Amino acid sequence: MGVPRRPVEPPTAEQAAFLERAIAEYGKATYNFAYRLTQNESDARDLTQDAFIRVYRAWRSFQPGTSFLSWIYRIVTNLYRDELRRRKGRFHEEIPEDNAPQEFGGQRPLAVTPIEDYVEGQLSEPLSQALQMLSPEQRQVVMLADIEEYSYQEISEIMGCSIGTVRSRLHRARALLRRLIQRQQQQQQR
């Protein structure tokens, strides 16, 4: 015999209002972030839906006065890592640290257009193709730092790793991105 299940309680008005407000204000930005991670519409929709289910369940754990977008990006990141673990059996994480000075931070606008328009309008074709060649972790750290313009501290909180690991991943991802873009440009010149 199993443990008796607790009956599911209906949502409170406050809980429902919190979720509705979160989806209205951050749904598009959350989907765009998930799409950039997964490179797939269906997976991005599933990831976004799962993230808002988590928000619904854990709505009381959100700390007012903190960044909701950072909180939900962290949820998306954790769900995505879990999915990668299920698919590949193991998630590889780089450990080395880099002491490069922090160059990023500041205000970032919420994504307001569909991802295809955003990518076409903001990224060159070689850069867009090179981003798709990066590993999911590398693509994520580049997107958070260089497109979303999060600070190293915010990225470390979203990704669940140290600032040194963020710096290291970003340094390596940018270097690889430069090499991939240069290779593509050389191929185009031939």
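Within the stretch 70-82, being surrounded by fewer than 20 Cβ atoms within 10 Å (Cβ to Cβ) and either basic (Lys, Arg) or in contact (Cβ under 8 Å) with a residue 40 or more places away in the chain (or both) holds for SER70, ARG74, ASN78, ARG81. Looking at the stretch 1-35, which of its residues are modelled with pLDDT under 85 and not small (Gly, Ala, Ser)? Hits for the stretch 1-35 are MET1, VAL3, PRO4, ARG5, ARG6, PRO7, VAL8, GLU9, PRO10, PRO11, THR12, GLN15.
The set of residues in the stretch 28-66 that are closer than 23 Å to GLN153 by Cα, among the small types (Gly, Ala, Ser) and either crowded, with 20+ Cβ neighbours inside 10 Å or within 14 Å of the chain's Cα centre (by Cα) (or both) comprises ALA29, ALA34, ALA51.
Determine which member of the set SER151, SER156, SER162, SER135 is touching a Gly at 6+ places or on another chain (Cβ under 7 Å) and of a type outside the set (Lys, Arg).
Values: SER156 fails: touching a Gly at 6+ places or on another chain (Cβ under 7 Å); SER162 fails: touching a Gly at 6+ places or on another chain (Cβ under 7 Å); SER135 fails: touching a Gly at 6+ places or on another chain (Cβ under 7 Å).
That would be SER151, the only listed residue that is touching a Gly at 6+ places or on another chain (Cβ under 7 Å) and of a type outside the set (Lys, Arg).
Check the stretch 114-127 and report whether any residue there is assigned to a helix (DSSP H, G or I), at pLDDT 80 or above and over 18 Å from THR77 (Cα atoms). No.
Checking each residue in the stretch 141-157 for being in a loop (DSSP other than H, G, I, E, B) and touching a Lys or Arg at 6+ places or on another chain (Cβ under 6 Å) picks out GLU148, GLU149.
Criterion applied to ARG108, ARG87, ARG81 was being modelled with pLDDT under 85, in a loop (DSSP other than H, G, I, E, B) and among the basic types (Lys, Arg), and the one residue passing it is ARG108. Residues in the stretch 36-59 that are over 18 Å from SER135 (Cβ atoms) and in contact (Cβ under 8 Å) with a residue 40 or more places away in the chain: TYR56, TRP59.
The values are calculated or read from the model by the stated rules, or taken from the named source; none is laboratory data. It should be emphasised that the depicted structure is a prediction, and the values quoted were computed from it without experimental measurement. A quick note on method: Cβ atoms are made from the backbone with ideal geometry, for glycine too, and the neighbour counts reach across all protein chains shown.
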